[in-house]
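Read through the structure below, which is laid out as C-alpha cells, and then see the notes.
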C-alpha cells in the first residue's frame, strides 16, 4: 500500500478522506438505488457500474491535476470562466431536461450527462480568486476594483438561476464570502449583497408581470417548495419525501438497520443523491453519520491549513472557496434531510451518485493537492538550501 501512496503528493489526510469516501460511495450507491430501479428500470448493478465509471474518471482527473504546476491553474482561470459561460449558454438552449430542469449536457455515444453548473462553480471560484489578487490595491474604488469583481459573479449566477435557484443562491453567497475573505470593505460588500437580492426581486417581478417571457420556468416549483416547508402538509408529495427522510433518520437511530436493509429509501426519490444523508443514517446510524460530519470538517480544516500556509494569495483564496463550497454542499444536504431547509438539489460531495458533481469535486481536490504539493517542494528546496 505504501508503494502506491508514494505517487500521491500533497496532503495525505485529504487523500485518505477523499479516497475512502469515494470507495464507500460504491457501497451506498448500490444500496440506495432501489427507487431509481423502480422508476426507470434496470438493475442496481447497472447504476453501480455507471457510478464506478464516474469514480474512475474523477480519481484520474484528481491525480493528473494534482501533478500539474500550480501556476497553470492561475493561467487557465480566465479561459475556464469563459468556457463556463459557453457551457451554461449551451445548456440553456440545448440542454437535456431531467425532472423539468434543463441543467444537463448529454454526452453523445456514451449515454452520460454533465451538469454545466458544476464546472461553472469551480471556474468562478478560481477566476474570482485571480481577480481578488489583481484588484487587491483597488478595493476602495468601485469602477476599477469592485465592479470587475462583481460582474463575473452576476453573469455566472444569473445564467444558473433560470433552472437552478438553490445552486445560484449558494454560489452567490459563496462569492460574497470570498470577497469578504479578500478584504473587500464591508460597506461595499453589503451594497453588493443588497444589489444581488434586488436583481433577483426584479427578475421575479418581470417574470410575474410578463409571464410569456418565461424568464424563470421553475419559479412555481421554488415557491411551492418554500410554501410546503412552511405549511408542513403531510398530504403533499414533496413533504412526504421530507417526512420519509426524517422518519428514516429516526428509524436509523444510533447504529442503523444495516447495509441494504433500509426500507424508506425505496419510497424516497433521490435517496441516492438529494436525500443521501437520510438513507445513510437509516442504514448506518447516527454514530456513523457523526463520523461522516467529522470527515467533512477535517477535510475543511486541512484545506484551510494549506490556505494559511501558502504565501500565494491566489492559492489561499482558491483553497478557502473550495473548502467552504464542499462543506456548504454537504451541510445543505443534511439540512434538507432533517427538514430544516426546503428541498433543493444539493448532494453529498464524493458520496452521492452523480457524475459531474463527483468529477468536479475531485477536480477541486486535485487543485488543492497541486497547491499542497507545491508547498512540499518549496519546503524541500529550503531544507536542501539550508543543509548546503
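Test residue 150 against the stated conditions and say whether it is within 18 Å of residue 317 (Cβ to Cβ) and surrounded by 15 or more Cβ atoms within 10 Å (Cβ to Cβ). So residue 150 fits the description; yes.
Going by what's in this entry, would residue 17 be described as under 28 Å from residue 285 (Cα atoms) and modelled with pLDDT of 90 or more? Answer is yes for this residue. Against the test of being over 20 Å from residue 359 (Cβ atoms) and without any contact (Cβ under 8 Å) to a residue 60 or more places away in the chain, the options 38, 71 yield a single qualifying residue, 71.
Taking the condition surrounded by fewer than 23 Cβ atoms within 10 Å (Cβ to Cβ) and without any contact (Cβ under 8 Å) to a residue 12 or more places away in the chain, does residue 324 pass? No, not satisfied. For the residues 331, 379, 372, 288, the requirement of being in a helix (DSSP H, G or I), under 23 Å from residue 48 (Cβ atoms) and modelled with pLDDT under 95 singles out 288.
All conditions but one from (1) within 20 Å of the chain's Cα centre (by Cα); (2) closer than 18 Å to residue 358 by Cα apply to residue 48; the one that does not is (1). Among the numbered conditions (1) within 23 Å of the chain's Cα centre (by Cα); (2) under 25 Å from residue 267 (Cα atoms); (3) surrounded by fewer than 17 Cβ atoms within 10 Å (Cβ to Cβ), the only one that residue 32 does not meet is (3).
Restricting attention to the stretch 52-72, the residues that are surrounded by fewer than 14 Cβ atoms within 10 Å (Cβ to Cβ) and over 19 Å from residue 118 (Cβ atoms) total 3. When each of 257, 299 is tested for being assigned to a helix (DSSP H, G or I) and in contact (Cβ under 8 Å) with a residue 12 or more places away in the chain, the lone residue that passes is 299. For the stretch 352-360, the criterion of a residue being surrounded by fewer than 24 Cβ atoms within 10 Å (Cβ to Cβ), under 17 Å from the mean Cα position of the chain (by Cα) and either at pLDDT below 90 or assigned to a loop (DSSP other than H, G, I, E, B) (or both) is satisfied by at least one position. Does at least one position in the stretch 41-48 carry a residue that is in a helix (DSSP H, G or I), crowded, with 21+ Cβ neighbours inside 10 Å and at pLDDT 90 or above? No, the conditions are met nowhere in the stretch 41-48. Quick one: in the stretch 261-277, which of the residues that are assigned to a loop (DSSP other than H, G, I, E, B) and modelled with pLDDT of 85 or more is surrounded by the fewest Cβ atoms within 10 Å (Cβ to Cβ)? Ranking the qualifying residues of the stretch 261-277, first place goes to 261. So, in the stretch 327-343, how many residues would count as being surrounded by 20 or more Cβ atoms within 10 Å (Cβ to Cβ) and in contact (Cβ under 8 Å) with a residue 40 or more places away in the chain? Adding up the residues that qualify gives 7.
Let's see how each residue does on (1) over 21 Å from residue 321 (Cα atoms); (2) modelled with pLDDT of 85 or more; (3) surrounded by fewer than 16 Cβ atoms within 10 Å (Cβ to Cβ); (4) under 16 Å from the mean Cα position of the chain (by Cα):
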site: 170; (1), (2), (3), (4): no, yes, no, yes
site: 178; (1), (2), (3), (4): no, yes, no, yes
site: 182; (1), (2), (3), (4): no, yes, no, no
site: 188; (1), (2), (3), (4): no, yes, no, no
site: 198; (1), (2), (3), (4): yes, yes, yes, no
site: 202; (1), (2), (3), (4): yes, yes, yes, no
site: 210; (1), (2), (3), (4): yes, no, yes, no
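Within the span defined as the stretch 90-98, every residue fails to be within 20 Å of the chain's Cα centre (by Cα), in a helix (DSSP H, G or I), at pLDDT 90 or above and surrounded by 15 or more Cβ atoms within 10 Å (Cβ to Cβ).
When 298, 303 are checked against the criterion of being surrounded by 23 or more Cβ atoms within 10 Å (Cβ to Cβ) and at pLDDT 95 or above, a single residue qualifies: 303.
Do the conditions hold for residue 183, that is, is it under 24 Å from residue 72 (Cα atoms) and not in a helix (DSSP H, G or I)? Here the answer is no, as residue 183 does not meet what is asked.
The values are calculated or read from the model by the stated rules, or taken from the named source; none is laboratory data. All figures in this text were calculated on a predicted structure; none of them were measured in a lab. Every residue, glycine as well, gets a Cβ built from its backbone with ideal geometry; the counts of neighbours run over all protein chains shown.
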